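Derivation of every value follows stated rules applied to the coordinates shown; laboratory data play no part. If you're wondering where the values come from, they're calculated on a predicted model, not measured in any experiment. All Cβ positions, even for glycine, are placed from backbone atoms using ideal geometry, and neighbour counts span all protein chains on display.
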Amino acid sequence: MRAGLVMECDYRYGATQVEAFDEAFVQVEMAEKLGLDSVWMAERHFAAPSSQLDSGGTGIPSVAAAPLTWASAIAARTSRLHIGTGVSVLPLCHPIRLAEETATIDHISKGRLELGVGRSSFPRAYEGYGVAYEESRGRFQEVLDILLQAWTQDRVSYAGEYYTFNEVCVLPK
């Protein structure tokens with residue numbers, strides 16, 4: 001069995017965002033020290049405090065909008081801990097950029113990146129990015145297809161409803 005830590009990077013009322021980042025890194029370093037196998041970073045968009053609920057907040061403030069940035073910072077602070085995304089919301093990502101960033105982090109971490117992918121069940125995140133939630137299934141499939149091609153083939157060629165690429169060389173693999 002493997003044991004890991006899921007982090008949504010919420011922060012306490014009255015605390016600052018700086019403190020939330022600092023506390024999250026303390027938790028990560030403790031997880032490695034205590035022998036946990038992994039840490040999984042949530043992807044949460046527009047997670048405003050309750051005081052901003054009328055403007056679309058969730059009530060639980062979070063600084064976890066950029067899990068791949070977190071993953072890179074965690075890779076630099078740890079040597080053994082696997083770093084996962086739980087989940088990367090594929091329909092809100094550009095597939096080529098995501099392929100490049102995840103491959104880069106996987107190299108930096110020496111193979112410790114665990115990429116969890118999904119669609120999210122929060123339409124508010126889609127609204128904030130100007131993407132129709134109804135398109136999430138189709139976008140998810142296209143991004144996943146392109147990612148797999150980008151990591152395994154010399155060149156990416158793809159013609160879909162949302163993305164089109166012709167002979168793009170994506171590095172690193």
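Table for the structure above
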{"read-out": "The chain: DSSP helices with Cα axial extent of at least 18 Å and average Kyte-Doolittle hydropathy no lower than -0.5", "value": "17-33, 95-108, 136-152"}
{"read-out": "C-alpha center-to-center spacing [the stretch 3-25, the stretch 117-172] in angstrom", "value": "29 Å"}
{"read-out": "Highest average packing first - 106-114, 152-160, Cβ atoms within 10 Å", "value": "106-114, 152-160"}
{"read-out": "For the stretch 4-168: relative contact order, % (alpha-carbon pairs under 8 angstrom, 6 or more apart)", "value": "18 percent"}
{"read-out": "Inter-label distance, nm, simple model (7 Å from Cα along the C-beta direction), H94/E19", "value": "3.7 nm"}
{"read-out": "Segment I108-S121, length gained on full extension (0.36 nm per residue, minus Cα span)", "value": "1.6 nm"}
{"read-out": "Computed helical MRE - 222 nm, the chain, DSSP H runs ≥ 4 contributing -39500 (n - 2.57), nearest 500", "value": "-12000 deg cm²/dmol"}
{"read-out": "Mean Cβ neighbour count within 10 Å, used as a protection proxy, ranking 128-135, 68-75 highest first", "value": "68-75, 128-135"}
{"read-out": "Fraction of beta bridges assigned by DSSP in the stretch 4-168 that are antiparallel (%, nearest 5)", "value": "20 percent"}
{"read-out": "Proportion of all alpha-carbon pairs of the stretch 58-173 beyond 17 Å (%)", "value": "58 percent"}
